[in-house]
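Notes follow the structure.
The values are calculated or read from the model by the stated rules, or taken from the named source; none is laboratory data. As the structure is a prediction and not an experimental result, all values here were calculated from the model. For neighbour counting, all protein chains shown are included, and Cβ atoms are generated from backbone atoms with ideal geometry for every residue, glycine included.
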Amino acid sequence: MNANTNPAYLREIRKDLRFEAELCGHTLTFTSTWGIFSPRAIDEGTELLLKYIHLTADDDCFDLGCGYGPIGLSMAKLASQGQTLMADKDFMAVEYSNRNAELNRLPNAQAILSNGFQHLDKAQRFDVIASNVPAKVGKEMMSIMLHDAKHHLKPGGRLYLVTINGLREYMKRNLKEVFGNYKKLKQGKNYTVSYAER
């Protein structure tokens with residue numbers, strides 16, 4: 001791969017990327033940058049997840065691994081009377097999520113730097129937790145994430161996860177083990193939306 005040394009090209013690719021997307025019946029504007037997951041458009045897994053998520057206006061929500069914020073900001077829009085917390089271990093993702101919350105006038109959404117649930121207040125509880133789970137998260141981290149998700153959900157709280165189809169059976173097994181229940185909401189061509197309740 002040749003590095004293009006043209007100064008105009010470099011100037012151009014350093015600029016923020018900006019696009020609009022219709023998610024959960026609302027048009028949202030996003031800015032992102034190279035180096036963050038799926039910077040130019042909403043990825044297929046996120047789109048699928050957002051088609052199957054159900055929220056009430058006063059739900060408190062958590063977006064685990066938020067990227068530049070499409071899941072979290074969609075939840076903040078739908079649950080306008082609740083609070084939405086987004087978290088990512090990438091500081092650039094957190095920066096762009098907070099920028100996008102401001103850009104879309106969503107004062108009920110905020111992003112923080114956290115490795116999974118590690119940097120959350122142990123007492124914090126949510127009605128809904130959602131995540132587009134990275135394919136290469138590893139079984140140890142996945143185990144920590146699922147147990148932490150259960151801990152941070154209110155009684156009756158809902159967990160929505162989207163994963164590549166290759167992780168479908170793994171998620172089913174682990175959600176049943178940790179939550180005692182599991183529901184497959186949708187299996188698409190490449191992704192599966194899984195659901196569990198506390």
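Filter region 126-165 for residues that are within 15 Å of residue 55 (Cα to Cα) and more than 13 Å from the chain's Cα centre (by Cα); which is surrounded by the fewest Cβ atoms within 10 Å (Cβ to Cβ)? It comes out as 156.
Sort out which residues of region 20-54 are at positive phi and either in contact with a Gly (Cβ under 7 Å, 6 or more places away or on another chain) or in contact (Cβ under 8 Å) with a residue 12 or more places away in the chain (or both), and write them in order of number. Show your work before the answer.
Of the residues in region 20-54, the ones at positive phi are 24-25, 35, 38.
24, 35, 38 - these are the residues of region 20-54 that are at positive phi and either in contact with a Gly (Cβ under 7 Å, 6 or more places away or on another chain) or in contact (Cβ under 8 Å) with a residue 12 or more places away in the chain (or both).
Kindly indicate whether any position in region 36-47 is closer than 19 Å to residue 157 by Cα and either among the polar types (S, T, N, Q) or touching a Cys at 6+ places or on another chain (Cβ under 6 Å) (or both). Give the steps one after another, and end with the answer.
Step one: filter region 36-47 for residues closer than 19 Å to residue 157 by Cα, giving none.
Checked region 36-47: no residue is closer than 19 Å to residue 157 by Cα and either among the polar types (S, T, N, Q) or touching a Cys at 6+ places or on another chain (Cβ under 6 Å) (or both).
Counting the residues of region 3-50 that are surrounded by 15 or more Cβ atoms within 10 Å (Cβ to Cβ), part of a strand (DSSP E or B) and acidic (Asp, Glu) gives 0. Residue 67 is checked against (1) over 13 Å from the mean Cα position of the chain (by Cα); (2) buried (at least 18 other Cβ atoms within 10 Å of the Cβ); (3) part of a loop (DSSP other than H, G, I, E, B) and fails just one. What number does that condition carry? Only one criterion is unmet by residue 67, namely (1). Of the residues in region 135-143, at least one is at pLDDT below 95 and in contact with a Phe, Trp or Tyr (Cβ under 9 Å, 6 or more places away or on another chain). The set of residues from region 26-62 being of a type in the set (Gly, Ala, Ser) and over 12 Å from the mean Cα position of the chain (by Cα) comprises 32, 35, 38, 41, 57. Of all the criteria given as (1) farther than 18 Å from residue 112 by Cα; (2) part of a helix (DSSP H, G or I), the one not satisfied by residue 53 is (2).
Of all residues in region 169-198, those that are without any contact (Cβ under 8 Å) to a residue 40 or more places away in the chain and at positive phi have Cβ atoms under 9 Å from Cβ atoms of residues that are surrounded by 20 or more Cβ atoms within 10 Å (Cβ to Cβ) and among the aliphatic types (A, V, I, L, M), 6 or more apart or on another chain, in 180/196.
Checked against (1) part of a strand (DSSP E or B); (2) over 29 Å from residue 30 (Cα atoms); (3) among the β-branched types (Val, Ile, Thr), residue 178 passes all but condition (1). Of note, residue 73 does not satisfy the criterion of being touching a residue at least 24 places away in the same chain (Cβ under 8 Å), touching a Gly at 6+ places or on another chain (Cβ under 9 Å) and either farther than 20 Å from residue 152 by Cα or not in a loop (DSSP other than H, G, I, E, B) (or both). Looking only at region 100-117, residues that are in contact with a strand residue (DSSP E or B) (Cβ under 9 Å, 6 or more places away or on another chain), without any contact (Cβ under 8 Å) to a residue 40 or more places away in the chain and over 20 Å from residue 36 (Cβ atoms) come to 1 in all. Yes or no: residue 128 touching a residue at least 12 places away in the same chain (Cβ under 8 Å), of a type in the set (Val, Ile, Thr) and in contact with a Cys (Cβ under 6 Å, 6 or more places away or on another chain)? Against the criterion (touching a residue at least 12 places away in the same chain (Cβ under 8 Å), of a type in the set (Val, Ile, Thr) and in contact with a Cys (Cβ under 6 Å, 6 or more places away or on another chain)), residue 128 qualifies.
Only one entry in 150, 184 is of a type in the set (D, E, K, R) and in a strand (DSSP E or B), namely 184.
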